[in-house]
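Inspection log for the structure reproduced underneath, given as structure tokens.
Just so you know, all these numbers are worked out from the coordinates, no wet-lab data involved. All values reported here derive from a predicted model rather than from experimental measurement. Every residue, glycine as well, gets a Cβ built from its backbone with ideal geometry; the counts of neighbours run over all protein chains shown.
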Amino acid sequence: MKLSTSIRKRFRVSNKVKKFAPQNRFRLCISRSSKNISAQIIDDKKNITLLSASSIEKDIKSGAKVNKTELSKIVAEKLAKKAQEKQITKIFFDRGIYKYHGRVKIFAETLRKNGMDF
């Protein structure tokens, strides 16, 4: 069975992150669509999701209308706050099939400003 290009990209990036990830770091997986963005921090040893944040959550969606880049900043700040509550500071950034550009780059930079190390 032949895999599509996007699936091959996702496997390639995720497997590199998992392969070189030390045992004391978790993986931050990001996904975006044309309107929304979401992210989750995953423990690959136990195969569980520790934290997640998304732009479709009620408290974010009920706010004032903002553009997509501002929405990325808001979601990143919310995820960073949740991670600080659970004392998670070191992660690996799994960008998936998305280029490190635009909303993904803004998301990563906002996380770094809020104390995440990757």
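DSSP assigns beta bridges within the chain; of those with both partners inside it, close to 70 percent run antiparallel. Net charge near Glu109: determine it from the other residues with C-beta under 14 Å of the C-beta of Glu109, scoring Lys and Arg +1 and Asp and Glu -1. That sum, taken over residues with Cβ under 14 Å, equals +3. By definition, a body whose alpha carbon gyration tensor gives a ≥ b ≥ c is oblate when a/c is 1.5 or more and a/b is not larger than b/c, and segment 55-118 fits this oblate description. Entry note, the chain: the mean residue ellipticity at 222 nm calculated from DSSP H runs of n ≥ 4, each adding -39500 (n - 2.57), is -13000 deg cm²/dmol after division by the residues and rounding to the nearest 500.
Taking 32 Å as the limit for the C-alpha separation, the pairs Lys19/Lys86; Lys46/Lys73; Lys2/Lys90; Lys16/Lys68; Lys19/Lys105; Lys65/Lys99 exceed it in the case of Lys2/Lys90. Modelled spin labels at Ile60 and Ile7, positioned 7 Å past Cα toward Cβ, are 2.8 nm from each other.
Sorted on the mean count of surrounding Cβ atoms within 10 Å across their residues, most packed first, peptides 4-17, 34-47, 56-69 read 34-47, 4-17, 56-69.
What the Cα atoms of segment 5-113 give is an Rg and a Dmax of 13.7, 41 Å. GNM remark for the chain: springs join alpha carbons under 10 Å apart, and the peak mean-square fluctuation among Leu28, Leu51, Leu79 falls on Leu51. For the chain, the residue among Gly63, Ala108, Val17 whose Cα projects farthest onto the positive side of the dipole built from Cβ charges is Val17. Rounded to the nearest whole Hz, the Karplus-based 3J(HN,Hα) values (6.51 cos²θ - 1.76 cosθ + 1.60, θ = phi - 60°) of segment 98-113 follow the sequence 8, 6, 7, 7, x, 5, 5, 5, 4, 4, 5, 5, 5, 4, 4, 5, with x at glycine and proline.
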